[in-house]
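These notes concern the structure reproduced below.
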Amino acid sequence: MNDSAAHRDDWTESEELAERMIPLIGALRREHDVVTSLHGHRLLGLSATGLVEVHERVAQLGHERLPIEDSLAVLEAIHALAPGASSLDVARLVAGHAESGQLLETYLAEVLAPAMGAVAAEPTDVVLYGFGRIGRLLARILIAHTGGGSGLRLRAIVVRRGAENDLVKRASLLLRDSVHGRFAGSVTVDEEAEQIIANGTRIQVIYSDDPATIDYTAHGIHAAIVVDNTGRWRDEAGLSQHLRSKGVARVLLTAPGKSPLKNIVHGINDDTIADTDRILSAASCTTNAITPVLAAIDEAYGVVKGHVETVHSFTNDQNLIDNFHKGDRRGRSAVLNMVITETGAAKAVAKALPQLEGKLTGSSIRVPTPDVSLAVLHLTIARPATKDQVNDYLRRVSLHSKLRQQIDYVESPDVVSTDFVGSHRAGIVDGLATIADEDTLILYVWYDNEFGYSCQVIRVLEVMAGSHPIVLPERPEVTLQG
């Protein structure tokens, strides 16, 4: 048999094993509220080819190769044990079993003991106030997470009526997206009830322009978290209008909030969320992308000072062609120009990382792409480093640390912005672009400013609702020495 035929046989065998994994992954989610991942890469919804690819990808990142047959064996054993609501990293379970020397069933019974009998959180009603770019992506994620019926439950969206066929248009925009592709499933409408039905989830469409006078309880919605993604109000006074509506318990803003609101970057300061916090901000997409990387670098090398330059895709706030705009330069055509503009992301970092207060400056250039942006971090560090040292550290952070949901890492000579559309991570370090010279460090961090940010918003929502399941095995700290 030649090499080509042997490789083809290996691929076919891997696909067959992956096909056996799919029903196990689905059943664990539906029957037990168990979410499975591979070094942080979510497995639910992946095709057989996607499952093989994610195994290959973690190996390309320098991690020890994970045989797909080992993943299958662990999934079969987990399914037999039937743990309760939890988030399980299959790759780390495989590695832990190999190190333990125990029988697989014995090892898993010990490691998964905290999840045995774990009860899923009571569902929390979520209302999306606004249904634009972020609102529709949040809806997609919430619907995909519906699984066993616990956790976050999308109940309604609030919009201003735009036309007689408004409901059909809203549903169509949820179904089809020029950047993120077609919705994974079916979307229909119940015009009489004014509801969008997505994969069986009934979403009430409420038409209103007053956040303070809506009776959500009339639609069976109680103690809801309202996610305001309109950007119309960013202060406590404006956002507190939501709390005057019946059925609302808390509010989350998908934009930087003005003091004294807490600006939360999940993975960094979400532990500061208190039950008494009625209004919170999920900060900005750029702040979410750069803060975890800055936190990792500051911990390992110490950030003395730095400048953040973002190359940011244009947004709906800009004009397609030249027209009046209250902001400087943003009135010029977004699709024809690079536009220098301001960004508060660098200063906003200090709201999540107080130790960087006054150490960072920032600016931004809007460019003619619809999604995915790039942050260039030009840092002066306290402890000198080489490119290889920094890259090895950040690669391990992306795989093993408590920031692995936020930070990804890539080394490829041909990656460009479109390769990161749909990334679940807040930011992706481009290792080949790293520059390190003694105390000077320059990092290039890609981020899907729409989908990656939306994933961070969902994580903040889970903390607010207390719905994130126990994570097993526990995520270790990553050190410079490894």
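The values are calculated or read from the model by the stated rules, or taken from the named source; none is laboratory data. None of these values were measured; they are calculated from a predicted model. Don't worry about glycine lacking a Cβ; one is built from the backbone with ideal geometry, like all the others, and counts go over all protein chains shown.
Summary table below
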read-out	value
Residue match in the range 139-159 (condition: among the basic types (K, R), part of a helix (DSSP H, G or I) and either within 23 Å of S37 (Cα to Cα) or modelled with pLDDT of 95 or more (or both))	yes
Among the candidates V251, V308, V226, residue that is in contact (Cβ under 8 Å) with a residue 24 or more places away in the chain and under 30 Å from V416 (Cα atoms)	V308
Condition check for T341: of a type in the set (V, I, T), more than 23 Å from the chain's Cα centre (by Cα) and buried (at least 16 other Cβ atoms within 10 Å of the Cβ)	yes
Output for the range 200-214, where each listed residue is within 24 Å of the chain's Cα centre (by Cα) and assigned to a strand (DSSP E or B)	T201, R202, I203
Which numbered condition A274 fails, given (1) in a helix (DSSP H, G or I); (2) surrounded by fewer than 16 Cβ atoms within 10 Å (Cβ to Cβ)	(1)
Residues located in the range 403-439, provided they are assigned to a strand (DSSP E or B), hydrophobic (A, V, I, L, M, F, W, C) and either farther than 17 Å from D298 by Cα or without any contact (Cβ under 8 Å) to a residue 60 or more places away in the chain (or both)	V410, I428, I435, A436
Residues satisfying the stated conditions in the range 78-134, i.e. closer than 22 Å to L44 by Cβ and basic (K, R)	R92
Exclusive hit being touching a residue at least 40 places away in the same chain (Cβ under 8 Å), in the same structural domain as H222 (by TED's automatic domain parsing) and over 26 Å from the mean Cα position of the chain (by Cα), set R161, R136	R161
Enumeration of residues in the range 84-104 that are among the hydrophobic types (A, V, I, L, M, F, W, C) and either farther than 23 Å from G151 by Cβ or in a loop (DSSP other than H, G, I, E, B) (or both)	A85, A91, V94, A95, A98, L103, L104
Counted residues, the range 184-199 - those being part of a loop (DSSP other than H, G, I, E, B) and more than 23 Å from V226 (Cβ to Cβ)	5
Hits in the range 389-402 (condition: farther than 16 Å from V58 by Cα and under 17 Å from the mean Cα position of the chain (by Cα))	K402
Candidate set: the range 161-198, residues that are at pLDDT below 95 and out of contact with any Lys or Arg (no Cβ under 9 Å at 6 or more places or on another chain); chosen: the one surrounded by the fewest Cβ atoms within 10 Å (Cβ to Cβ)	E164
Of residues in the range 109-128 being touching a helix residue (DSSP H, G or I) at 6+ places or on another chain (Cβ under 7 Å) and assigned to a strand (DSSP E or B), the one surrounded by the fewest Cβ atoms within 10 Å (Cβ to Cβ)	T124
Test for L280: is it surrounded by 15 or more Cβ atoms within 10 Å (Cβ to Cβ), outside the structural domain of L142 (by TED's automatic domain parsing), closer than 18 Å to L138 by Cβ and touching a residue at least 24 places away in the same chain (Cβ under 8 Å)	yes
Selection from the range 289-337 of residues that are out of contact with any helix residue (DSSP H, G or I) (no Cβ under 9 Å at 6 or more places or on another chain), acidic (D, E) and either assigned to a loop (DSSP other than H, G, I, E, B) or within 22 Å of L403 (Cβ to Cβ) (or both)	E299, D317, D322, D328
Qualifying residue in the range 236-247 (condition: of a type in the set (S, T, N, Q), buried (at least 20 other Cβ atoms within 10 Å of the Cβ) and under 30 Å from L46 (Cβ atoms))	no
Condition met for T217 (among the hydroxyl-bearing types (S, T, Y) and assigned to a strand (DSSP E or B))	no
Conditions (1) at pLDDT 95 or above; (2) over 21 Å from V421 (Cα atoms); (3) out of contact with any strand residue (DSSP E or B) (no Cβ under 8 Å at 6 or more places or on another chain); (4) not aromatic (F, W, Y): number failed by G331	(1)
